[in-house]
Amino acid sequence: MVDTATNYNLTIIPLFVLMGAFIHRSGISRDLFAASYAWMGRFRGGLALSGILSCAGFAAVCGSSLATAATMTRVAVPTMREFKYSDGFSAGTIAAGGTLGIMIPPSVPLAIYGIVAGEDIAQLFIAGILPGLMLVGLFMLAVVIMTWLRPGIGPRGEAMGLRATLRASYSTWPVIILFGVILGGIYGGIFTPTEAAGVGCAGAFLFGVARGHFLDRASLWAVFAETVSTTAMIFAIVFSALILAQFINLTGMPYALQSAVTAWGLGPVGLVLLICAICVLLGMVFESIGILLLIIPVFLPALSAMGVDLTWFGILVIIVIELGLISPPIGMNVFTVKSVAPEIPLTAIFLGVMPYIVAMVAGGVLILLFPGIATFLSNVMR
């Protein structure tokens, strides 16, 4: 536990959590939703489309699925209610959109996967961009289909003029700059992913100060308390999972499993599908980081022996974990949205996420059939 807590590479976790807290409390999340609404609100289901886009934008500077879902529920769901959106549809949209927080870089789970699997975190981040955009597109397609079949669940919003639309879009420049600086600095060789997290924190803090936030001790204390609480929760999961993984290693289970997979004749694809099924089941109960720390040490020897591309596998397993986070009976993102909007029935939220479950399954199948979606950018940057 001491070795893990003092591991320099894991510094990336509290730093990205802190950056997300600065962004949230400086009101930038509201600006993201307002800008998305300015472009999409005029269409049927426009507020749902705006919710997905703003979730993607917040994910680009947050890195956490639960934090993205909680933040955007506070921002988007009340507005959807004003425009007579179905409660289940609006809450389900944000619960699903929140899963983008662990795919679009920077992503805390992707960073942890890289540390555990021994993969380059920078390559994993760049690999997550295309699949993340693909999921955004599939979610938006799900909204279009649902509102075409049932127009009443997502009425059109107000159309805004070009000047007002551009003005709303201008307010999102801090997110664009942070995203560009973090990824550009990493792939330009200016700093490492861990150093990029520090740069992102400093930038998010300065943007908040420029907007009139964090000028007193109380507001800074609130940000640091939120960060410490979230980081402590993550590291408690990390410690527990590592202890369990050590006991599993002592039993020889990973190597026995490798022998069993060979004896069953599953092959690389069969093994990957087996792991995906396990991850979906675990995702109904566990948070994404806990699943990674339970699964990867157990299956890594077998995956390596079969020559599975671990960058591609990392992207696929993140999508599958995202699927588990919104799957009944215990989808963690769904319960997060429920805790922020307790007046919406849990069954309604689960019904609301069903179209997005279909979209996410389609995304996973596309990654399986066309591995280049997950590996193209990382291969280009090598």
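The values are calculated or read from the model by the stated rules, or taken from the named source; none is laboratory data. The structure displayed is predicted, hence computed values, not measured ones. With ideal geometry, Cβ positions are generated from the backbone for all residues, glycine too; neighbour counts draw on all protein chains shown. Accessible surface is based on the protein model in full, side chains and every heavy atom, while ligands, DNA and RNA are left aside. Shrake-Rupley method; radii C 1.70, N 1.55, O 1.52, S 1.80 Å.
In contact (Cβ under 8 Å) with a residue 60 or more places away in the chain, open to solvent by 10 Å² or more (accessible area, probe 1.4 Å), more than 26 Å from residue 186 (Cβ to Cβ) and within 16 Å of the chain's Cα centre (by Cα): does that describe residue 354? Write out each step before concluding.
On the way: in contact (Cβ under 8 Å) with a residue 60 or more places away in the chain: yes; open to solvent by 10 Å² or more (accessible area, probe 1.4 Å): yes; more than 26 Å from residue 186 (Cβ to Cβ): yes; within 16 Å of the chain's Cα centre (by Cα): no.
In short, no.
Would you check which residues across segment 207-239 are without any contact (Cβ under 8 Å) to a residue 40 or more places away in the chain, open to solvent by 60 Å² or more (accessible area, probe 1.4 Å) and not hydrophobic (A, V, I, L, M, F, W, C) and list them?
Correct list: 216, 217, 229.
Can you find a residue in segment 50-62 that is modelled with pLDDT of 85 or more and open to solvent by 10 Å² or more (accessible area, probe 1.4 Å)?
From segment 50-62, those modelled with pLDDT of 85 or more are 50-56; that's our starting set.
Right, trim to open to solvent by 10 Å² or more (accessible area, probe 1.4 Å) and you get 53, 56.
Yes, segment 50-62 has at least one match.
As an exercise: evaluate residue 314 against (1) surrounded by fewer than 20 Cβ atoms within 10 Å (Cβ to Cβ); (2) over 19 Å from residue 68 (Cα atoms) and give the number of the one condition it does not meet.
(1)
Specify the residue that is least open to solvent (accessible area, probe 1.4 Å); the eligible residues are those in segment 284-311 that are part of a loop (DSSP other than H, G, I, E, B) and within 20 Å of residue 367 (Cβ to Cβ).
As a first pass, look at segment 284-311 and keep what is part of a loop (DSSP other than H, G, I, E, B): 284-287, 306-309.
The next check asks that each one be within 20 Å of residue 367 (Cβ to Cβ); those that pass are 306-309.
Working: 306: 53, 307: 62, 308: 20, 309: 74 Å².
That would be 308.
Can you name the condition, by its number, that residue 117 falls short on among (1) within 27 Å of residue 164 (Cβ to Cβ); (2) surrounded by fewer than 24 Cβ atoms within 10 Å (Cβ to Cβ)?
Here residue 117 clears every test but (1).
Residues of segment 148-171 being of a type in the set (Ser, Thr, Tyr) and closer than 19 Å to residue 43 by Cβ, which ones?
Within segment 148-171, 165, 169 qualify.
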